Amino acid sequence: MNEINTQAFELPASRYARFFQEMLEPAGIRLNGSNAWDIRVHDARLLSRVVRHGTLGLGEAYMEGWWDCPQLDQMICRAMLAGLEDRVRHNFRYKVFSLLFGLVNRQAFSRAFEVGRRHYDLGNDLFEAMLDTSMNYSCGYWRNSETLEDAQKAKMDLICRKLELEKGMRVLDVGCGFGGLAHWMASQYDVSVAAVTVSEQQASLARERCANLPVTVDLVDYRQVTGTFDRIVSVGMFEHVGPKNYRTFFSKIASLLKPEGLFLLHTIGAGDHTCTADQWTEKYIFPNGVIPSMHAIVKASEDVLVIEDWHNFGADYDPTLMAWHENLKQAWPQLRQRYDERFRRMFEYYLLISAGSFRARANHVWQVMFSKHGIAGGYSAAR
């Protein structure tokens, strides 16, 4: 296994050090300070690397052990609340990245299965160790929950109540993950489920977990689905659709939905008007991933579907991610036989910076309810 050097480093006085300390001051973060949210520098090259490469350089330097932070989630939350992300990220390389990302359809059908191969197929042992027993890889609902297990059950039941599931209905689960929601809908609400995913490992485990239920699991892209359904649900998949395909996505959903049907979209949402992609996250965690904006969802779905309800519980992703991090930490002595230290730091960084971003309310979690033509008399959403 590759060992990473994290010995303390005495930072020499330099223009980079002065620049960063002045930039970090509004957030109350110090270089080599004593607070839990302070940055501990182990390699002086860190500062020039961040100047050149922005958040990509910051994340890669963490993976390589160039810096640490006892409470990385707190540091990221403070930085985002102070507006430091834009100052770090908006360099020349990021502008070029954003320009190219916006010009090319990175989520075209030819690339549809890439995120499955590179992220969701990392290893079911990893996700089984990190997630709850239902294997939900999306935000839990913590309103009346104290444990991850309960929060995920509450989220699944909330979805089912919003969909107003009835016995015998046919449901499409777009981006079914490891099959947790499909299993819940079929077993608890007596419906049949057609589930689709772009991950071979997810499809295999979902089929195994739903073997004795009226659930089919297919390895296909959403653009390949045919048939008609009483209800459609998509949880944590829209982040992989991409702005150039949003209209195609909603049009496809509308074509699959029966006239009186309902569609629930569960997605992470951007905190501003832009559809955002971070260089480090796109390179190492979710290739071709984009967090949608509210404006983009509304624009792409108008005249195709009717928005009946919009529910934001993004603050609940913070405890979800922290629970996943704790599970991963506890399981690491067994997982380290297969995954090296650089991978551990990569996944730790991903979970903790994500938790910090939701804590700062820089990102959201939206559940948006759609109907095909509008519900006569109106729609009353469960909470």
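Numbers below:
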item	result
From Leu24, Leu31, Leu84, residue being under 30 Å from Thr320 (Cβ atoms) and at pLDDT 90 or above	Leu24
Meets criteria (of a type in the set (Lys, Arg) and either surrounded by 15 or more Cβ atoms within 10 Å (Cβ to Cβ) or at pLDDT 95 or above (or both)) for Arg106	yes
Residue in the range 372-381 that is more than 27 Å from Ile232 (Cα to Cα), assigned to a loop (DSSP other than H, G, I, E, B) and of a type in the set (Lys, Arg) present	no
Yes/no for Ala36 being modelled with pLDDT of 95 or more, buried (at least 19 other Cβ atoms within 10 Å of the Cβ) and either in a helix (DSSP H, G or I) or over 23 Å from the mean Cα position of the chain (by Cα) (or both)	no
Test set (1) buried (at least 20 other Cβ atoms within 10 Å of the Cβ); (2) at positive phi; (3) out of contact with any helix residue (DSSP H, G or I) (no Cβ under 6 Å at 6 or more places or on another chain) - Leu158 fails condition number	(2)
Residue count, the range 119-140 (criterion: surrounded by 15 or more Cβ atoms within 10 Å (Cβ to Cβ) and either outside any helix (DSSP H, G or I) or in contact with a Pro (Cβ under 6 Å, 6 or more places away or on another chain) (or both))	11
Flag if Gly116 is touching a residue at least 60 places away in the same chain (Cβ under 8 Å), surrounded by fewer than 17 Cβ atoms within 10 Å (Cβ to Cβ) and under 29 Å from Arg344 (Cβ atoms)	no
Top-ranked residue of the range 264-300 - restricted to ones that are without any contact (Cβ under 8 Å) to a residue 40 or more places away in the chain and of a type in the set (Ser, Thr, Tyr), ranked as farthest from Leu103 (Cα to Cα)	Ser293
Test result for Arg247, in the same structural domain as Asp173 (by TED's automatic domain parsing) and surrounded by fewer than 18 Cβ atoms within 10 Å (Cβ to Cβ)	yes
When residues of the range 298-339 are limited to those that are among the acidic types (Asp, Glu) and under 23 Å from the mean Cα position of the chain (by Cα), the one surrounded by the fewest Cβ atoms within 10 Å (Cβ to Cβ)	Glu326
Qualifying residues in the range 45-73 (those that are among the polar types (S, T, N, Q) and closer than 14 Å to Tyr349 by Cβ) - the one surrounded by the most Cβ atoms within 10 Å (Cβ to Cβ)	Thr55
Number of the condition not met by Thr226 [criteria: (1) among the hydroxyl-bearing types (Ser, Thr, Tyr); (2) touching a strand residue (DSSP E or B) at 6+ places or on another chain (Cβ under 9 Å); (3) surrounded by fewer than 16 Cβ atoms within 10 Å (Cβ to Cβ)]	(2)
Filter pass, Arg344 being under 21 Å from the mean Cα position of the chain (by Cα), modelled with pLDDT of 95 or more and within 27 Å of Trp280 (Cα to Cα)	yes
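The values are calculated or read from the model by the stated rules, or taken from the named source; none is laboratory data. Everything quoted here is computed from the prediction, not taken from an experiment. Cβ atoms come from the backbone with ideal geometry, glycine included; neighbour counts cover every protein chain shown.
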